[in-house]
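The values are calculated or read from the model by the stated rules, or taken from the named source; none is laboratory data. The structure displayed is predicted, hence computed values, not measured ones. Reconstructed Cβ throughout: ideal geometry from the backbone, glycine too, with neighbour counts over all protein chains shown.
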Amino acid sequence: MQAKRLTRAFRVLVAALALAGCRTTNRYQGYDGGARATSEVVRLQLPEEVTLLRVDGAAPAMSVARLAGLPTELHLLPGPHRISVRYSVIWPISKDYHETVRSDPVVLELDGQAGDVYTVSYEKPRRLRQAKQFARDPVFELVKTN
């Protein structure tokens, strides 16, 4: 009887993890309270190689989705914000070897209005040497997309 419960619990866990794995974007809410409509917040989209470190001095909770290297979308209240990010990529060298390339933190200043959507943009390196060079002196741009 207990073995059946454990098997069922295991199946439920596997199904939940599979559904979580289907997410295409990791969302972070940078304010207290319930979720708000997208027309009431400022959205900032981070590509998968740009890791969110801090929002207005506070570190976001770590999530499985972030560890999976998914893009991140921040939902913030309108107004000025300081967002700390870093470039971080696992570069494949061969079938069995890879190298992690990571920059120091970079602070982005954002002063958005309700309904604004921004993307963190940068010139994506195409080779390991370029990735290492970019990580030494990363340059990110906030681009308003709406």
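Pairing each residue of the range 46-60 that is under 13 Å from T119 (Cα atoms) with any residue that is at pLDDT 95 or above and loosely packed, with under 14 Cβ neighbours inside 10 Å, provided the two are 6+ apart or on different chains, yields no C-beta distance under 6 Å.
Here L110 fulfils each of the conditions (1) at pLDDT 95 or above; (2) in a loop (DSSP other than H, G, I, E, B) apart from (2).
When each of D116, D104 is tested for being of a type in the set (D, E), surrounded by 16 or more Cβ atoms within 10 Å (Cβ to Cβ) and either at pLDDT 95 or above or in contact with a Gly (Cβ under 8 Å, 6 or more places away or on another chain) (or both), the lone residue that passes is D116. Restricting attention to the range 24-55, the residues that are closer than 28 Å to T100 by Cβ and either touching a strand residue (DSSP E or B) at 6+ places or on another chain (Cβ under 7 Å) or surrounded by 13 or more Cβ atoms within 10 Å (Cβ to Cβ) (or both) add up to 17.
Does V42 meet the test of being over 24 Å from A131 (Cβ atoms) and β-branched (V, I, T)? Answer is yes for this residue.
Does T119 fit the bill of being free of Cβ contacts under 8 Å to residues at least 40 places away in the same chain, among the β-branched types (V, I, T) and assigned to a strand (DSSP E or B)? No: the conditions fail for T119.
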